[in-house]
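Enquirer: Supplied in structure tokens, the structure appears directly below.
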Amino acid sequence: MRQRLLQGGPDGFHDYELLEYALGLAIPRRDTKPLARRLIDEFGDLPSVFAASAAELSRVEGLGEGAAAALKFIEALSVRQLQRRALGRPVLASLDAVVDYLHARLAYELTEEFRVLFLNNRSILIRDEKMGDGTVNQAPAYPREIVKRALELGASAIILVHNHPSGNPAPSRDDIQLTRSILDAAKPLGIAVHDHLVIAREAHASLRALGLI
């Protein structure tokens with residue numbers, strides 16, 4: 001498998017084969033193909049395997065704490081690489097890369113998470129922060145806290161982000177109302193709200209593109 005990958009790249013591999021090889025690095029001298037197939041059967045697809053929590057992974061027969069940690073390290077490495085590529089440049093000039101990063105970070109989470117990208121006056125990222133954890137269909141976020149944090153960081157603009165575990169990226173009425181409340185709180189202080197992105201497994205929605213900002 002190592003030679004196949006080095007010589008031909010990853011395109012010729014099934015998902016379970018890539019996972020099998022990764023597991024083999026964490027569990028040497030063992031046939032990890034059955035475990036790789038079991039993980040994909042359990043979680044549905046390869047991205048969902050890596051998005052699963054360490055506790056969820058450890059409940060799968062044959063996967064110990066060390067192998068679960070190895071999978072989470074691989075996920076963290078992938079997200080970090082996408083983050084560096086997307087957010088090291090002006091965010092508005094590399095929005096597709098930013099969406100790729102946000103998708104890797106949020107699309108397979110089982111509960112909603114509200115994040116804010118804080119930008120300077122050149123649209124360079126100052127900070128990417130979680131501002132709220134939620135349930136399967138709601139993540140609380142507070143306009144005053146978001147604006148306060150923007151002022152603390154010296155941000156001149158923000159991009160709001162949250163995920164929809166349901167798989168439907170369409171913004172809800174509450175999403176629209178929250179966005180407008182944040183706009184109302186930010187505008188008098190000279191803080192621009194560039195967009196509110198809703199991330200789902202197979203797609204995303206932009207409230208600006210939909211004419212809702």
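Enquirer: Per DSSP H run of n ≥ 4, the term is -39500 (n - 2.57); total these for the chain, divide by its residue number, and report the mean residue ellipticity at 222 nm rounded to 500 deg cm²/dmol. Intermediate results must be reported in sequence, preceding the final value.
Expert: On the way: 9 runs with 101 residues, N = 213.
That comes out to -14500 deg cm²/dmol.
Enquirer: Can you quote the Å³ per residue value for the convex hull of the Cα atoms in region 126-213, rounded to an integer?
Expert: Hull volume normalised by residue count: 90 Å³.
Enquirer: Where the centroid of each part is defined by its Cα atoms, how far is region 26-44 from region 48-84 in Å?
Expert: Measuring centre to centre over Cα atoms gives 13 Å.
Enquirer: What residues qualify as long-range amide H neighbours of I126, i.e. H under 5 Å apart, gap of 5 or more or another chain, H built at 1.01 Å from N?
Expert: F118, L119, N120
Enquirer: Helix 15-26 versus the longest principal axis of the chain: what angle, 0 to 90°, nearest 10, using Cα atoms?
Expert: The two axes meet at around 80 degrees.
Enquirer: Note down the relative contact order for the chain as a percent, whole number, built from C-alpha pairs under 8 angstrom at least six residues apart.
Expert: 14 percent
Enquirer: Residues with amide H under 5 Å of N163's amide H, sequence separation 5 or more or different chain, H placed in the peptide plane at 1.01 Å from N; which?
Expert: Placed amide hydrogens put E113, I199 under 5 Å from N163.
Enquirer: Right, here's the next one. Any idea how many Lys pairs in the chain come in under 20 angstrom at the alpha carbon, given 8 or more places apart or on separate chains?
Expert: Here the count comes out as 4.
Each reported figure results from applying straightforward, stated rules to the coordinates on display, with no laboratory input. It should be emphasised that the depicted structure is a prediction, and the values quoted were computed from it without experimental measurement.
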